[in-house]
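All of the numbers you see were taken from the coordinates with simple rules; none came from a lab. This is a predicted model, so every value here is computed, not measured. With ideal geometry, Cβ positions are generated from the backbone for all residues, glycine too; neighbour counts draw on all protein chains shown.
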Amino acid sequence: MPKFDPHKPRASVNFHCKPCRRTFDAEPARTEDNPDQEHHPFTYFGDCPDCGQETPQSGWDRALQKAWQNATGPKTEEGKIATAKNLEGHPTPDEARRTRFNAMKTGMHAKVATYYPAKPDSYSFCSSCEVDRTWCKSQPACIKQTETFLLHHAAFDQRDPKKLQGLHSNFQAAVFTVLQQILQTIIADGVKITAPQYYTDKEGVMIIAEYFDPETKQNKIIQDIQAHPLFKPLGELMSRNNYSLADMGMTVKVIDQQNDDMGRFAATEAARDNLLEFQQRQTQALERIAGMVDRGRKETDRDPVLLEYNADTGAAEASAK
């Protein structure tokens, strides 16, 4: 934006037409005083060259007006030195990655984004795109698709799949939305689709198949009953994206197995070897204890004091009887 006198109307202003999404620079067709806007007390309106509708000044142009008037900078040597110190410690690692991404975007734009040349409102995804159409038309390729291409290049170049986490989450959200729409359609239409059966005679005339109902005394059309055709794509999407109850751990079998495994030690191969050695040592210790108990019993049976006590106790018991 060229420098202008904030107290005088501007000769050229940037306008943005919302109905046709056209951005253009032109001399204002109508200028109104706006004393509430202290930094530049004027409001501008212009006629769109495409649709002819009167459109106000673009929001970013108004923001630049205010930023231009409020912009200040160091004027003394001390202020300039203090401002220069703000650059210490930069670029940070995040800033370096951002700079590298911008360099890739500049250097690879022509090679990578040739699949989607810039054609405003010509692709299906343009209806929800917020990029200005005039600026988009001046670009060599679609800016939104270029970002997707460059994110994949950055992820593969750095071997970091986390760079694609946002894209994958959006994709899974879109897949889940499609699943919901298919399910809602099946519920609304019913799980079965009926169609009348027919055949053609020798002359090629289509005849509806009917039969006579003796109870109602009327002819009834023979209906062909089929399952809803959306069941097949619904099952394929669910299985390929692991949306089944078993994949999400919500079946009775999986829950019971988790409860049975609760508290068990999930050992690695090395830990299993250590546990086996510990079990063997426990077995050997129990065998030694059994031998020690047996030896202790034999020594007790050979103890003279205990033998004499047992003899006296046995004699006393015999006399009492």
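Rounded to whole numbers, the Karplus 3J(HN,Hα) couplings from phi for the stretch 145-150 are 5, 5, 4, 5, 4, 5 Hz, using 6.51 cos²θ - 1.76 cosθ + 1.60 with θ = phi - 60°, and x at Gly and Pro.
Between 0 and 90 degrees, the angle of helix 231-240 with respect to the longest Cα principal axis of the chain falls at about 70 degrees. As a rough guide to protection, the peptides 89-102, 27-40 ranked by mean Cβ packing within 10 Å, highest first, stand as 27-40, 89-102. Stretching the chain fully between Phe156 and Thr76 yields a gain of 24.0 nm (0.36 nm per residue, less the alpha carbon separation). With a simple spin-label model that places each label point 7 Å from the Cα along the Cα-to-Cβ direction, the separation between Ile289 and Ile222 comes to 8.2 nm. Fully extending the segment from Ala26 to Glu130, taken as 0.36 nm per residue of separation minus the present Cα-Cα distance, adds 35.2 nm. Put simply, the amide H of Glu210, placed in the peptide plane, has neighbours under 5 Å in Ile222, leaving out anything fewer than 5 places away on its chain. The modelled label-to-label distance between Met250 and Thr99, using points 7 Å beyond Cα along the C-beta direction, is 4.9 nm. A simple rule links phi to the HN-Hα coupling: the Karplus curve 6.51 cos²θ - 1.76 cosθ + 1.60 with θ = phi - 60°, which for the stretch 215-227 gives 6, 8, 6, 9, 7, 10, 7, 7, 9, 9, 9, 10, 5 Hz, with x for Gly and Pro. When the Gaussian network model of the chain links Cα atoms closer than 10 Å, the mean-square fluctuations of Gly79, Gly190, Gly235 top out at Gly79.
Against the chain, whose longest principal axis is taken from its Cα atoms, helix 269-301 shows a tilt of about 20°. Extension gain for the segment Leu183 to Tyr211, taken as residue separation times 0.36 nm less the Cα-Cα distance, is 6.6 nm to one decimal. In the chain, the calculated helix contribution to ellipticity at 222 nm averages -16000 deg cm²/dmol per residue, counting -39,500 (n - 2.57) for every DSSP H run with n ≥ 4. Compared with the dominant Cα axis of the chain, that is its longest principal axis, helix 304-320 is turned about 70°.
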